[in-house]
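The values are calculated or read from the model by the stated rules, or taken from the named source; none is laboratory data. Everything numeric in this text was worked out from a predicted model, so none of it was measured. In this analysis, Cβ positions are derived from the backbone assuming ideal geometry, glycine residues included, and neighbour counts consider all displayed protein chains. Ligands, DNA and RNA are excluded from the accessible area calculation, which covers all protein heavy atoms including side chains. Shrake-Rupley method; radii C 1.70, N 1.55, O 1.52, S 1.80 Å.
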Amino acid sequence: MNNELIRAAEEARKNAYAPYSKFPVGAAVLTSSGRIFTGCNIENASFGLTICAERVAIANAVASGEREITALAIVTNGAASPCGACLQVIQEFAGSKSPAIISASTDGSVIVRSLSDYMPFGFTDFKPDSDV
């Protein structure tokens, strides 16, 4: 499954809009239902409005009714790790297990860690009472 996620993230990376950083990122998430959703980074001249590829992929999954991520792959130059904001969003949709996070480089190198490796004490104390 890792290779399928990496391939999906590579394809998504082709659609990245990164005119400022010149750092295109593609992401793919696997949900508990077995579906894959993709995203790419979308930059903005007002840098704070830039959206990371990981959050775009997660938003696509959530918009399609998915609520639990079991794995996430990102493809960059140099196998970058997700930023803190993305890690927290992954945490929100992690379910009861720590999803695998696959960081792949365009040169073929791959690093696999779990969300708990990145965030052993991630914020999980507050969860909504109902499925809204």
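Against the numbered list (1) closer than 16 Å to Ser103 by Cβ; (2) open to solvent by less than 20 Å² (accessible area, probe 1.4 Å), Ala61 comes up short only at (1).
Restrict the check to the stretch 70-79 and report whether at least one residue is surrounded by fewer than 18 Cβ atoms within 10 Å (Cβ to Cβ) and at pLDDT 95 or above.
yes
Would the stretch 2-21 turn up any residue that is part of a strand (DSSP E or B), touching a residue at least 40 places away in the same chain (Cβ under 8 Å) and open to solvent by less than 20 Å² (accessible area, probe 1.4 Å)? Checking the stretch 2-21: not a single residue is part of a strand (DSSP E or B), touching a residue at least 40 places away in the same chain (Cβ under 8 Å) and open to solvent by less than 20 Å² (accessible area, probe 1.4 Å).
When Glu54 is tested against (1) acidic (Asp, Glu); (2) open to solvent by 60 Å² or more (accessible area, probe 1.4 Å); (3) closer than 25 Å to Pro120 by Cα, just one condition goes unmet, and that condition is (2). As an exercise: evaluate Phe121 against (1) loosely packed, with under 13 Cβ neighbours inside 10 Å; (2) within 22 Å of Gly34 (Cβ to Cβ) and give the number of the one condition it does not meet. Every condition holds for Phe121 apart from (2).
Among the residues making up the stretch 25-41, a single one is in a strand (DSSP E or B), among the polar types (S, T, N, Q) and either open to solvent by less than 20 Å² (accessible area, probe 1.4 Å) or free of Cβ contacts under 8 Å to residues at least 24 places away in the same chain (or both): Thr31. Summed over the stretch 42-57, residues that are more than 23 Å from Gly95 (Cβ to Cβ) and assigned to a loop (DSSP other than H, G, I, E, B) total 5.
Considering (1) assigned to a loop (DSSP other than H, G, I, E, B); (2) surrounded by fewer than 18 Cβ atoms within 10 Å (Cβ to Cβ); (3) of a type outside the set (Val, Ile, Thr), the lone condition that Pro82 does not fulfil carries the number (2).
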